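Chemist: To start, I am sharing the structure in question, which I have written as structure tokens.
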Amino acid sequence: LSESHKCSLDFSSLLFQKVSVWRWTLPSEKAICSIELEPEFGHQDYVIFNPQNPHELVSNSKTQMIFYLWVSRDMGSRVSAWLLSPQTFKCLVGQFSQSVFHFNNTQALTGTSAGKLVVWDMDNPRTRPEELPPKPHGITATKVVSLQEESLTVLQVLESCIVTGDVKGQVKFYDGQLRLLTIYSHDKVGPIQSISFSKVLRDPPSGFPGSSSSWSDSSNSVSLTLNRNFILSTSDATMFHVATDSRNFERIMQEAKKAVTAIACHPQEPFVAVGSHCGLLKVWDYKQTQYLVSRIFPEAGIQCLSYDPEGCFLAAGFTDGSVYILDAISLQSICEEFQFSQGPVTHISFSHDSNYLATADENYSVIVYKRVLQNGSRCWEHLAGLESHYKPIRTILFGVHSHSNEPRLLSLGEDRQLVEYDLKSSIKDHLVVTHRDRLEQAAVPLCLTWYPQLSTESFFLTANNCYKLKLYNTTTKVCRKTLWGPTYGSPLEKIQILPRTSCADPQQHYLVYITKDKVGLQMLPVDGNPHKSSAFICHPDGASDFAISHDGRYIFTAGGKDRTFMKWKVNLSALDAAAFLGGEDLIPFYNLLDGGKEGKFFRELEDYFYYVQLCRQGIDTLEERQVSTHIPLEEIPSVMRAIGFYPSEEEIEEMINEVKFSKYADTGEVVTKINLGDFIKLYINHRPALGLSMKTIQQAFEVLGYENKKGEKVIDRGDFLSLLQCRGE
């Protein structure tokens with residue numbers, strides 16, 4: 001912000017970087033001044049106004065300085081750029097960090113990674129803004145002052161002092177001639193990222209007993225500056241309050257200094273637990289936005305977290321393969337840590353009765369722990385483990401057997417295998433597998449959850465890397481429905497059913513999901529209508545995990561490398577309104593066809609429907625034609641291929657069975673024909689979500705072909721036909 005708080009700045013990181021000036025007091029959609037910077041200026045990463053003249057500003061990249069003079073709306077802006085090299089001053093300058101205007105209003109200063117200050121002289125005297133000359137001021141780099149050996153990370157001007165912060169955690173004050181006044185340092189302070197001074201003045205200090213400060217004769221003139229307390233933040237995510245009179249450093253906040261990868265919500269209370277790779281575990285009251293308790297595990301980083309359904313335990317999986325079971329309130333260990341995984345623990349989950357705990361790790365193993373009665377008290381022990389997959393495990397999921405109250409455990413891997421375990425029959429060091437089913441033919445399943453009981457048939461829901469959602473019967477594991485899922489830049493990474501809120505429609509359910517960088521909601525039941533889903537960017541560098549509050553009102557996302565977690569308020573009425581505005585019945589699906597309902601594609605599809613009926617009744621028959629709005633199910637593959645979609649035999653079987661048994665659970669009868677509207681839905685949901693690209697075809701021939709003498713990938717026509725006929729599936 002400018003000193004007058006009337007203007008603000010921003011940088012737009014586009015192909016060409018742009019600096020824009022906005023009227024802060026009159027918000028609008030357009031900036032009042034924008035300058036597009038040429039690529040040779042470098043990526044500018046710091047910008048600041050001249051506090052004594054809001055028409056002047058300066059920015060810098062690692063190697064270049066840019067001075068700006070904003071003349072007027074009509075005359076636009078003037079830009080001058082300087083590149084400093086070791087030859088400029090015949091010494092090592094280092095990379096630029098931050099720049100400021102000197103309080104004498106005739107100079108500017110730039111801090112560098114070599115512990116130096118570059119001094120820029122502005123030749124022309126200062127004038128009122130309306131009298132500024134039409135050209136940029138003459139600006140010259142006059143000297144380089146070596147302040148220290150350590151890299152300067154922060155540079156500020158405070159009244160009549162120059163203030164620096166560095167990588168050793170030191171804060172130094174200099175007068176206008178860059179003579180050292182005093183130093184504040186502490187051995188617990190890391191590299192400084194920012195400094196913020198109090199607006200409240202204390203009584204002027206009478207001295208700093210026992211300090212290592214060096215005072216100039218002009219100390220009285222800067223005493224008002226030195227009696228301001230300040231807060232500093234460091235690159236290891238810690239904030240300190242510094243009292244300048246006592247030189248006391250008080251740590252007021254410590255956050256994750258490495259990736260935040262784990263998050264979990266308490267099942268009954270408004271608590272959210274957050275874990276990071278630096279070993280920091282913190283619990284917050286998200287309604288009061290208040291920190292409650294924390295614990296640091298210095299040995300390894302936290303990879304995943306889970307509360308048990310009763311809210312008594314918090315289980316944590318670590319990057320070194322260890323598992324801790326903690327008291328949910330105090331975070332103290334309930335028992336000794338377990339160390340049965342040979343790699344980082346990626347997933348962790350409790351059973352519905354809190355008697356089992358299951359983990360998955362990077363070595364493709366599932367390990368189960370059991371709560372047992374020992375010497376009159378209940379404790380946790382290792383039950384068994386099994387390397388049940390040969391590719392990364394994407395989900396472990398507890399459920400309940402329909403015929404009993406016994407826990408049911410499933411694991412889903414990128415090897416396309418859904419593995420179910422028999423916990424009741426498992427004994428010490430022997431985990432029993434009851435079923436192993438392949439869910440996909442070509443796509444890779446990425447996540448799994450139980451589907452709400454919306455009919456007499458029970459399902460679980462999967463999402464794959466081809467933007468498809470699939471419903472599978474929970475008993476037979478047969479695919480019962482394939483649906484076009486949300487397409488927001490990347491496939492769904494994790495999914496959960498949103499708990500019902502007290503004010504929500506009891507018949508309406510919602511799915512919460514995260515993609516690579518977005519968090520979203522999907523209305524249920526899923527039918528392929530894109531208007532029933534909505535998503536927002538949550539973490540541009542990638543979302544690592546998410547959790548839902550027990551009342552379904554809030555969603556929390558963990559940002560991984562950006563070291564943050566975010567709280568999102570759920571607004572179901574907004575999604576309901578968007579779905580309503582998107583149209584009812586078949587209207588949203590017509591709009592997904594090339595040309596819509598009035599287009600050439602739709603007319604061709606109608607013609608194919610009638611042509612199929614002609615073929616069924618005989619092309620040459622002279623009898624009266626029976627025109628119908630339906631075609632037999634066995635004609636689905638022919639019409640699909642006629643309109644340009646070529647499913648595999650397995651996909652054809654899934655499509656036909658999807659329609660054939662769509663009413664079987666309710667009526668006991670099978671469907672033998674399909675109308676045009678249902679066929680359009682079937683086509684929309686089963687066709688490739690993003691179409692078939694030339695790149696995909698080229699990749700296929702890279703696999704199928706062999707290299708000729710020129711090193712090109714080729715394939716013999718006979719070999720190609722043989723592959724299609726014998727190994728096409």
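Chemist: Would you mind calculating the relative contact order of segment 285-401 from Cα pairs under 8 angstrom and at least 6 residues apart, reporting the percent as a whole number?
Modeler: Normalised by residue count, the contact order of segment 285-401 is 18 percent.
Chemist: Can you give me the Rg/Rh ratio for segment 327-416, using Cα atoms for both radii and the Kirkwood formula for Rh?
Modeler: Taking Rg over the Kirkwood Rh, I get 0.99.
Chemist: Using r as the Cβ-Cβ distance of Arg616 and Leu704, and R0 as 51 Å, what FRET efficiency do you calculate, to the nearest 0.05?
Modeler: For R0 = 51 Å, the calculated efficiency reads 0.85.
Chemist: Give me the percent of accessible area attributable to carbon and sulfur for the chain, probe 1.4 angstrom.
Modeler: Details: 18440 of 36480 Å².
Solvent-exposed carbon and sulfur of the chain make up 51 percent of the total.
Chemist: What is the sum of charges, Lys and Arg at +1 and Asp and Glu at -1, for the other residues whose Cβ falls under 14 Å from the Cβ of Arg641?
Modeler: -4
Chemist: Roll a 1.4 Å probe over the protein chains and send me the accessible area per residue for the chain in Å².
Modeler: For the chain, the solvent-accessible area averages 50 Å² per residue.
Chemist: Test of understanding: given the chain, find the longest segment containing no chymotrypsin sites (Phe, Trp or Tyr not before Pro) that are in a DSSP loop and have at most 14 other Cβ atoms within 10 Å.
Modeler: 25-389
Chemist: Relative contact order, percent, of the chain when contacts are C-alpha pairs under 8 Å separated by at least 6 residues?
Modeler: That works out to 5 percent.
Chemist: Which value, in Å to one decimal place, does the Kirkwood hydrodynamic radius take for segment 586-686 when every pair of different Cα atoms is included?
Modeler: 14.6
Chemist: When the chain is fully extended, how far beyond the present Cα-Cα distance does Asp607 get from Thr289, taking 0.36 nm per residue of separation?
Modeler: That pair, Asp607 and Thr289, stretches by 108.3 nm at full extension.
Chemist: Here is a further query. Looking only at segment 292-323, which residues have a backbone nitrogen under 17 Å from a spot 7 Å from the Cα of His352 in the C-beta direction?
Modeler: Only 308-311 fall inside the zone, counting backbone N under 17 Å.
Chemist: A further question follows. Only helical DSSP H runs with n ≥ 4 go in: add -39500 (n - 2.57) per run for the chain, normalise by residue count and round the 222 nm mean residue ellipticity to 500 deg cm²/dmol.
Modeler: -3500 deg cm²/dmol
Chemist: Also: State the answer as a single residue: which of Leu575, Gly520, Val71 lies farthest towards the positive end of the charge dipole of the chain, with beta carbon charges of +1 for Lys and Arg and -1 for Asp and Glu, about the Cα centre.
Modeler: Val71
Chemist: Once R0 is set to 45 Å, what does the formula 1/(1 + (r/R0)^6) return for the Cβ-Cβ distance between Glu150 and Asp719, expressed as a FRET efficiency to the nearest 0.05? Mind dumping the intermediate values first?
Modeler: Details: r = 66 Å, r/R0 = 1.47.
Calculated transfer efficiency: 0.10.
Chemist: Tally Lys/Arg at +1 and Asp/Glu at -1 over every other residue whose Cβ is under 15 Å from the Cβ of Asn708; what's the total?
Modeler: -1
Chemist: Quick check for you: which residues of segment 355-369 have the amide N under 20 Å from the point 7 Å beyond the Cα of His430 toward its beta carbon?
Modeler: Answer for this model: 366-369.
Chemist: So between Asp245 and Ile587, what do we pick up on full extension, going 0.36 nm a residue minus the alpha carbon distance?
Modeler: In short, 116.0 nm is gained.
Chemist: Rounded to the nearest 0.05, what FRET efficiency do Gln374 and Ile296 have when you use their Cβ-Cβ distance and R0 = 22 Å?
Modeler: 0.15
Chemist: Let me ask something additional. Mind pulling the angle between the C-alpha long axis of helix 694-704 and the longest principal axis of the chain? Nearest 10 degrees, somewhere in 0 to 90.
Modeler: The answer is roughly 70 degrees.
Chemist: Turning to a different aspect of this structure: Can you tell me the length gained on complete extension of the stretch Asp327 to Ala578, counting 0.36 nm per residue apart and subtracting the Cα distance?
Modeler: Numbers: separation 251, 0.36 × 251 = 90.36 nm, distance 4.28 nm.
In short, 86.1 nm is gained.
Chemist: So, one more: Can you tell me the 0 to 90 degree angle between the C-alpha axis of helix 717-727 and the longest principal axis of the chain, rounded to 10?
Modeler: 70
Chemist: Hey, what D do you get for segment 515-626 in µm²/s if you plug the Kirkwood alpha-carbon radius into Stokes-Einstein at 37 °C and 0.692 mPa s?
Modeler: Calculated translational D: 183 µm²/s.
Chemist: For segment 250-392, restrict the atom set to alpha-carbon positions and state the Rg and Dmax in Å.
Modeler: In order Rg, Dmax, the Cα atoms of segment 250-392 give 15.0, 50 Å.
Chemist: For segment 683-729, what D do you get in µm² per second when you plug the Kirkwood radius from alpha-carbon pairs into Stokes-Einstein at 37 °C and 0.692 mPa s?
Modeler: Numbers: Rh = 12.5 Å.
Calculated translational D: 262 µm²/s.
Chemist: A follow-up question, please. Summing +1 for each Lys or Arg and -1 for each Asp or Glu, what net charge is found among the other residues whose Cβ lies under 14 Å from the Cβ of Lys257?
Modeler: +3
Chemist: Could you point to the label whose value was computed as Cα Rg over 2.2 N^0.38 Å for the structure here, given (i) 1.14; (ii) 1.05; (iii) 1.23?
Modeler: (iii)
Chemist: Mind giving me the nanometre distance, one decimal, between the label points for Lys143 and Glu712, set 7 Å out from Cα along Cα→Cβ?
Modeler: 6.9
Chemist: What angle, in degrees between 0 and 90 and rounded to the nearest 10, separates the Cα long axis of helix 600-617 from the longest principal axis of the Cα atoms of the chain?
Modeler: 20
Chemist: Based on a Kirkwood Rh over C-alpha pairs, give the Stokes-Einstein translational diffusion coefficient of segment 217-317 at 10 °C and viscosity 1.306 mPa s in µm²/s.
Modeler: Values: Rh = 15.9 Å.
Using the Kirkwood radius from Cα pairs, D works out to 100 µm²/s.
The values are calculated or read from the model by the stated rules, or taken from the named source; none is laboratory data. Small disclaimer: the values here were computed from a predicted structure and weren't measured. Heads up, the Cβs are rebuilt from the backbone with ideal geometry, glycines too, and the neighbour counts pull from every protein chain shown. Note: areas computed on protein heavy atoms with side chains; ligands, DNA, RNA excluded. Shrake-Rupley method; radii C 1.70, N 1.55, O 1.52, S 1.80 Å.
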